[in-house]
Amino acid sequence: MEHRLTGSRPSAPAPVGRTRLFKDGFLYTSSGTESKSSRHSASLLLSLTDAGFEIEAAGQVQRARAVAVRPFAAKRLRACGVPFACVDASTNHPLYRAFAFLPEPGFLVLPPEAFSATASSLDVFNQGMMSARACRLLFQRLFDIAQELLPRPPLLDARIQRVIDLLEDDHSLGVAELATAVHLSRDRLSHLFTQEMGLPLRKYSQSLKIRAAARLLGSGLNFTQIAAAAGFTDSAHFSKIWSQAYGASPTFFYTSGRVSFYPPSAVRIEGSSGVSSRFRSRNAANSHDLMPTTKV
């Protein structure tokens with residue numbers, strides 16, 4: 001029988017994983033999960049053991065130890081009791097387009113032996129014993145390996161690059177404003193963007209909102225303020241889109257006791273991409289470090 005001291009509080013839930021968040025993505029390890037998501041970012045999934053995991057997308061199921069996943073691919077990951085790593089590339093990562101052009105079913109099984117040299121480093125990261133610089137080098141190394149295994153996307157049209165640059169500065173810009181800036185009709189811009197980026201402009205803009213919200217979580221702002229700053233209609237809309245992307249609500253990640261921030265800061269709101277220029281101008285006086293490392 002379990003005995004509890006009178007007046008004592010239940011212990012906090014044990015963390016289920018570890019995350020290091022960067023300007024252009026994140027590195028996450030977990031002791032196992034079963035989740036369903038449609039993430040805005042490009043993902044690299046790696047089993048940390050020989051057991052492998054099961055991934056399902058577009059009606060196809062496959063067991064693997066290393067998989068590249070296309071942005072917005074609706075997938076189910078079954079990795080119960082299987083430690084794994086998820087390495088995400090945001091829209092501003094140079095390899096995002098290589099993932100975006102992956103064909104159906106939206107994922108590509110990769111040879112696990114290609115990543116064997118990173119196994120010990122991933123284990124160190126998973127134990128929480130890796131410095132910030134070493135985390136960044138590991139993140140870069142994993143994508144360097146993936147780059148050699150993925151098909152190379154075509155060169156990007158200069159007009160679409162201009163649209164991307166404009167959205168990086170202010171993701172609240174609409175299609176009409178963007179079309180005017182690159183001297184195209186709205187329909188032509190929408191078509192060309194999908195052709196060049198592998199996903200619709202609407203979904204790309206949505207991904208920037210999610211990225212902006214991720215930068216603001218843990219900043220001291222409440223969910224309503226974060227939703228407004230990131231460009232969502234309201235906090236309910238923000239929570240819905242976030243849950244679709246990550247398989248759980250922002251409340252689970254940031255207020256359930258399953259998350260801690262360490263170190264407390266790394267990137268400032270002011271001048272950082274992913275948060276609209278209108279929001280930065282309103283909040284420059286209150287800007288503070290944001291890009292934390294989280295333990296989930």
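Structure data summary
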quantity	calculated
Verdict on Phe125 being aromatic (Phe, Trp, Tyr), modelled with pLDDT of 95 or more and either assigned to a helix (DSSP H, G or I) or open to solvent by 60 Å² or more (accessible area, probe 1.4 Å) (or both)	no
Checking Asp157 against (1) surrounded by 15 or more Cβ atoms within 10 Å (Cβ to Cβ); (2) charged (D, E, K, R); (3) farther than 20 Å from Gly198 by Cα, the condition it does not meet	(3)
Verdict on His183 being out of contact with any strand residue (DSSP E or B) (no Cβ under 8 Å at 6 or more places or on another chain), open to solvent by 50 Å² or more (accessible area, probe 1.4 Å) and either assigned to a loop (DSSP other than H, G, I, E, B) or modelled with pLDDT of 90 or more (or both)	yes
Answer residue from the range 165-180, given it is in contact (Cβ under 8 Å) with a residue 40 or more places away in the chain and part of a helix (DSSP H, G or I) and is most open to solvent (accessible area, probe 1.4 Å) among those	Asp169
Any pair with Cβ under 7 angstrom, 6 or more apart, that starts in the range 36-61 at a residue that is on the phi > 0 side of the Ramachandran plot and surrounded by fewer than 22 Cβ atoms within 10 Å (Cβ to Cβ) and ends at one that is polar (S, T, N, Q) and not in a strand (DSSP E or B)	none
Selected residue [open to solvent by 60 Å² or more (accessible area, probe 1.4 Å), touching a strand residue (DSSP E or B) at 6+ places or on another chain (Cβ under 9 Å) and over 23 Å from Pro200 (Cβ atoms)] from Cys135, Cys86, Cys80	Cys80
From Arg159, Arg152, residue being under 30 Å from Asp187 (Cβ atoms), assigned to a loop (DSSP other than H, G, I, E, B), of a type outside the set (A, V, I, L, M, F, W, C) and out of contact with any Gly (no Cβ under 8 Å at 6 or more places or on another chain)	Arg152
Members of the range 75-93 that are on the phi < 0 side of the Ramachandran plot and part of a loop (DSSP other than H, G, I, E, B)	Cys80, Val82, Pro83, Ser90, Thr91, Asn92, His93
Residue, farthest from Val61 (Cα to Cα), within the range 95-117, restricted to residues that are touching a residue at least 24 places away in the same chain (Cβ under 8 Å) and part of a loop (DSSP other than H, G, I, E, B)	Leu95
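The values are calculated or read from the model by the stated rules, or taken from the named source; none is laboratory data. What you see is a predicted model, and the numbers here were worked out from it, not measured in a lab. Quick reminder, even Gly has a Cβ in these numbers, built from the backbone with ideal geometry, and neighbours come from all protein chains shown. Heads up: the accessible areas ignore ligands, DNA and RNA and are worked out on the full protein's heavy atoms, side chains in. Shrake-Rupley method; radii C 1.70, N 1.55, O 1.52, S 1.80 Å.
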